[in-house]
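Engineer: Provided herewith is a single structure, encoded as structure tokens, for subsequent inquiry.
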């Protein structure tokens, strides 16, 4: 797909990369401003987009919006191949090693939208073997994750859309556990304070009794 402007052709990417998507979510009001949206998606300068034929731009925007607004978020890719390498999803997050779990928790705390590339490189790791729908992936390692993270910036964002519901459920549970833990700590502190106050009252009463 191309955009023709003043006898010059500009290619429209086949898909939105994770890198581009992360840039898009940083832009305030990008959904309301179609010029900024198309600029962020394609890197075509805004002044060029403004000079383009209205119908051409509207058609391209409609294709982009229909592709991503109507994307089936339940379509989780368990495995995929990218740049000649095969990857599989860590389907049970409770089975990831402690380093991977901590790094996921850090991504949640810092903001999911800021860490999509990191989250994807933690959840998806190289396949060791496959047998039908069964497979095994490599154990999580932070150094190889950093390399994979850079590669995954060019991954189609559809893969993130698919796994996001799965991951957000983990994030919700994690945050609830944190919240519950904080509430329990506050409750314990409150009970401890009440207990100490009662002890002090009891000591004062005892002193009065044995005067």
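Engineer: Which is out of contact with any strand residue (DSSP E or B) (no Cβ under 6 Å at 6 or more places or on another chain), surrounded by fewer than 12 Cβ atoms within 10 Å (Cβ to Cβ), in a helix (DSSP H, G or I) and at pLDDT 95 or above, of 143, 151, 183?
Structural biologist: Exactly one residue qualifies, and that residue is 143.
Engineer: Being free of Cβ contacts under 8 Å to residues at least 12 places away in the same chain, touching a helix residue (DSSP H, G or I) at 6+ places or on another chain (Cβ under 8 Å) and not assigned by TED's automatic domain parsing to the domain that holds residue 25 is true for just one of 92, 115. Which residue is that?
Structural biologist: Exactly one residue qualifies, and that residue is 115.
Engineer: Residues being at pLDDT 75 or above, crowded, with 17+ Cβ neighbours inside 10 Å and under 20 Å from residue 63 (Cβ atoms): count how many of those fall in segment 19-34.
Structural biologist: Matching residues across segment 19-34 total 3.
The values are calculated or read from the model by the stated rules, or taken from the named source; none is laboratory data. Predicted model, so just to flag it, every value in this text is computed and none were measured. In this analysis, Cβ positions are derived from the backbone assuming ideal geometry, glycine residues included, and neighbour counts consider all displayed protein chains.
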